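First the structure, in the form of structure tokens, and then the observations on it.
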Amino acid sequence: MNKITNRQAICDVLLEKAKQDKDIVVVCSDSRGSASLTPFANAFPEQFVEVGIAEQDLVGISAGLASCHKKVFAASPASFLTTRSYEQAKVDVAYSNTNVTLIGISGGVSYGALGMTHHSCQDFAAMSALTGMRVYNPSDRFQTAKLVEALLLDEDPAYIRVSRSATEDVYNENMDFELNKANVIASGNNVVLVACGEMVPYAKEAMHQLNEKGISTGLIDMYCIKPYDKDTLLEQVKNASLVVTIEEHAPQGGLGASTAQVLSTYCPKRLVEINLPDEHLISGTNKEMFAYYGLDTKGIVKTVEENL
């Protein structure tokens, strides 16, 4: 069972790359521990900035550093980063087109037991609405590492959401990765599952169970929430009778909404969205919440069987 979190995978890549690249800078808002970035702060103190509990300053300072040709990675809990510093993300990063990668740690319901104040079920919608901002939700440690390596090679703004807990491995270190290109885990003729982030391992197991039941099921890992890879979606769903999206996000403005927009425009298909409801959620561990809201393997299989 994998115990390496996606946030740790980010730190591992930055640690390795910073040995040769002194322009890499990490900025935290009293979050180096929860972001698993303490090893970076210890190894490269001159390339690390601590702003304290001040998310707006976090983003503004990061944009300033980027304007001085630094490659900036700014980490803070997703629930605060995408709300308290939204104006700074809009103006200082997206509009100004600065080389800042915003890292929303403990995204979705990772802080489950702490309740709605700490849930980030709106971040896909909020950040996708910003012109010039890319939005990513990688599924496992290997894909996360590949994503960070790719983002180090360009200079455009990006937002990455990662979970708090370790997810089961979906890939391996030799996985094929292309920035802004969804990964097709399997093709299917009856159903196509479209998932992102921590939902992908659940969807992968659900795919196996459905195939064993004689339901030909495919799975797309749509880690690139924006820009959405519509070409891959359309190619995979052309023979399917049902498309199911699975995301740790509210119904509005997330993976399901983007998928619906593409399908309704180019290839009308029956679509069922599995997501978090538009209501104040229960408290509990993230796995308890996934089970309660039908986001786990059992819930996905049930939804497919009821709607196929």
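Rule-based calculations on the coordinates, nothing more; no lab input. Since this is a predicted model, take the numbers as computed values, not measurements. A quick note on method: Cβ atoms are made from the backbone with ideal geometry, for glycine too, and the neighbour counts reach across all protein chains shown.
Among residues other than residue 181 whose Cβ falls under 15 Å from its Cβ, what is the net charge (Lys/Arg +1, Asp/Glu -1)?
Here the charged neighbours net out to -4.
List the trypsin sites (Lys or Arg not before Pro) within segment 212-308 that DSSP assigns to loop and that have no more than 13 neighbouring Cβ atoms inside 10 Å.
Loop-located and lightly packed - 213, 238.
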With springs only between Cα atoms under 10 Å, which of 227, 157, 268 fluctuates most in a Gaussian network model of the chain? 268
Which value in deg cm²/dmol, rounded to the nearest 500, describes the helix-derived mean residue ellipticity at 222 nm for the chain, given -39,500 (n - 2.57) per DSSP H run of n ≥ 4 and division by the residue count? -10000 deg cm²/dmol
Give the aspartates and glutamates reachable from residue 19 as a straight Cα distance under 17 Å; neighbours fewer than 8 places away on the same chain don't count. 46, 149
Per the rule of 0.36 nm per residue minus the C-alpha distance, extending residue 20 to residue 176 adds in nm 53.7 nm
A student applying the Cα gyration tensor rule (rounded when a/c is under 1.5; otherwise prolate if a/b is larger than b/c, oblate if not) would label segment 59-218 prolate
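Relative contact order for the chain: what is it in percent, counting Cα pairs under 8 Å that are at least 6 residues apart?
Values: 673 pairs, mean separation 51.1, N = 308.
Relative contact order comes out at 17 percent.
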The alpha-carbon pair-distance distribution computed for the chain, with 10 angstrom bins and whole-percent values, is 6, 30, 36, 21, 7, 1
Given 22/71; 181/230; 213/269; 17/70; 22/181, which pairs have Cα atoms separated by over 20 Å? 213/269; 22/181
Cut-off 20 Å, label point 7 angstrom out along Cα-to-Cβ of residue 205: give me the residues of segment 152-191 whose amide nitrogen falls inside. 163-172, 185-186
Around residue 32 (Cβ within 13 Å, Cβ-to-Cβ, excluding residue 32; K/R +1, D/E -1) the net charge comes to -1
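Once fully extended, how much extra length lies between residue 50 and residue 280, figured as 0.36 nm per residue of separation less the alpha-carbon to alpha-carbon distance? Walk me through the numbers on the way to the answer.
Details: separation 230, 0.36 × 230 = 82.80 nm, distance 3.27 nm.
Length gained between residue 50 and residue 280: 79.5 nm.
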Hypothetical label at residue 241: residues of segment 256-276 whose amide nitrogen lies under 12 Å (7 Å Cα-Cβ projection): 270
Does segment 189-308 come out rounded, prolate or oblate, given a ≥ b ≥ c as the square roots of the eigenvalues of its C-alpha gyration tensor, rounded meaning a/c under 1.5 and, failing that, prolate meaning a/b above b/c? oblate
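Cα convex hull of segment 152-231: how many Å³ per residue?
Working: hull volume 9.1 nm³, N = 80.
Value for segment 152-231: 114 Å³ per residue.
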